[in-house]
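Beneath this line is the structure, given in structure tokens, with notes to follow.
The values are calculated or read from the model by the stated rules, or taken from the named source; none is laboratory data. Note that the coordinates shown come from a computational prediction; the quantities given were computed from them, not determined experimentally. Glycine gets a Cβ as well: all are built from the backbone with ideal geometry, and neighbour counts include every protein chain shown. With ligands, DNA and RNA removed, areas are computed over all heavy atoms of the protein, side chains included. Shrake-Rupley method; radii C 1.70, N 1.55, O 1.52, S 1.80 Å.
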Amino acid sequence: MGVTAGTGQPTVDQVDYAALFAAAPSPYLVLSPALVIVGVNEAYCRATGRTSQELVGERFFDAFPDNPADPKANGVLNLSTSLERVLATRKPDTMAVQRYDIPVAGQPDAFEERWWSTVNTPVGGPDGRVAWIIHRVEDVSSFVRERRQRQRDSTAPQGRPAEGMEAELYARAKELERLNDELRRAHARERQVAITLQEAMLHSPDLARHSNVAVRYLPAIGSLNVCGDWYDTADLTDGRFTVAVGDVVGHGLEAATVMGMLRSALSAASRAVAGPAQALEILGLYARSVDGALAATAVTALVDTRSQLIVYSSAGHPPPVLMHRRGACELLDRATDPPLGARPAHVPRPQAGTAYHRGDVLVLYTDGLIERRDEDIDTGLQRLADALAQCLGLGPERLADTLLARLGVSHGARDDIALVVVAL
């Protein structure tokens, strides 16, 4: 802090951003992820006829509901859709001009017709999730009313060229909104088809017999293709079963094809050999003959319910996490080896074991769950452990959903995510 040397001017870190926000000429409002109003500037208060004391702490749609006298009112629907899109994609969303009537101050049940141009912008938090949403509006009601009056007044002279251009821009904005909605619906349909196809490829008959196992698959944000992440469960004899996850580099049909081949090979090997290390040895040998498999990773764990023992082995994959019933998390990282097919010659893979107690939880996952750009993997692992500790006592299905939410990836991440949660 201080002044810039030789200039006498204040440095950037001395700028009072709260004062700048309050004095900004455009109306701004700040929302929490729960859509609670946490801040408004003076311009927003003037535009809506409300005070900050009336607005701060209120849920946005409680403070600004739809006009009950307008059966066609869709302001709440369209704005909530935009805000949900911002939370899901963590990207700004620009709305077309929208009618959104607001309550008249001091007149119960009275609403004033208003039209707005709106931009919703996310502000990221340190954990990568959306911490705040900046809701910026411009009141264009006067322009809309003037345009409507000119259209009604057939005897009025033609407007100025600028007015005609504004009207054309408005019409194009509404058309753009319609086309964007169609594209979003098409994107959602194609994404659902991709997810359904991936789930069909990941179908595990043995999984249906394990109510204590929950699985999740989420494709990368913006990806409409099937991908290379997988999970699997295989029942053995005498109360033993295996769980596994793996990751093939890349996206699309080629990666999915490689994924299917490796997944099937590991499932067969797990049923035929003595333990996870031997299964990965066989898979590694097989991977050398499969184009696109050399950099694939996998981890597999054998759960022996009689001896309450977990035996595991990893081929270049992030370590599973064993959360003990009191909340402490243990990384299963004592049997890690290079990815499948990475060694030019066969070398036995390592294997390790650890005991567990009733009430513990085993979590396997692919790197999309923990990795973030420009962040050390240890930071992601610690974030995972912290999130798991907050899920203590939940059943596997609720734990899986809560974990994804706490890590900010419920709607996907930059990479695909496969997740397996085993209640022990």
What are the principal axis extents of the Cα atoms in region 269-342, in Å, biggest first?
44, 24, 15
So how do 141-149, 290-298 stack up, highest first, on mean other-Cβ count within 10 Å?
290-298, 141-149
Extension length gain for Asn212 and Arg414 (0.36 nm per residue less Cα distance), in nm, is 69.8 nm
How much length is gained on full extension from Ala274 to Arg306, taking 0.36 nm per residue of separation minus their Cα-Cα distance?
9.9 nm
Globularity ratio of region 356-424, using Cα Rg and 2.2 N^0.38 Å:
1.08
Under the 0.36 nm per residue contour assumption, what length would be gained going from the current alpha-carbon distance of Ser264 and Ser289 to full extension?
7.5 nm
Bins of 5 Å from zero: percent of alpha-carbon pairs in region 12-114:
2, 11, 18, 23, 23, 13, 5, 3, 1, 0, 0
What is region 376-415 by shape, rounded, prolate or oblate, if you read a ≥ b ≥ c off the alpha carbon gyration tensor as root eigenvalues and call it rounded for a/c under 1.5, prolate for a/b larger than b/c, and oblate otherwise?
oblate
Region 225-319, Rg to Rh (Cα coordinates; Rh as Kirkwood inverse mean 1/r):
0.98
Region 4-154: relative contact order as a whole-number percent, Cα under 8 Å and 6+ apart
20
State, to one decimal in nm, how far the label point of Asp181 lies from the label point of Val76, with both points 7 Å from Cα in the Cβ direction.
1.8
Leaving ligands, DNA and RNA out of it, rank Met261, Met323 by accessible area with a 1.4 Å probe, largest first.
Met261, Met323
R0 of 56 Å, Cβ-Cβ distance Arg145-Arg398: FRET efficiency to nearest 0.05
0.65
With a ≥ b ≥ c from the Cα gyration tensor eigenvalues, square-rooted, and the rule rounded for a/c under 1.5, otherwise prolate when a/b > b/c and oblate otherwise, region 308-424 is oblate
Nearest 0.05, what FRET efficiency do Val15 and Thr89 give at R0 = 30 Å with Cβ-Cβ as r?
0.50
Give the Rg (one decimal place) followed by the Dmax (whole number) of region 92-139, computed from C-alpha coordinates and expressed in Å.
14.7, 43
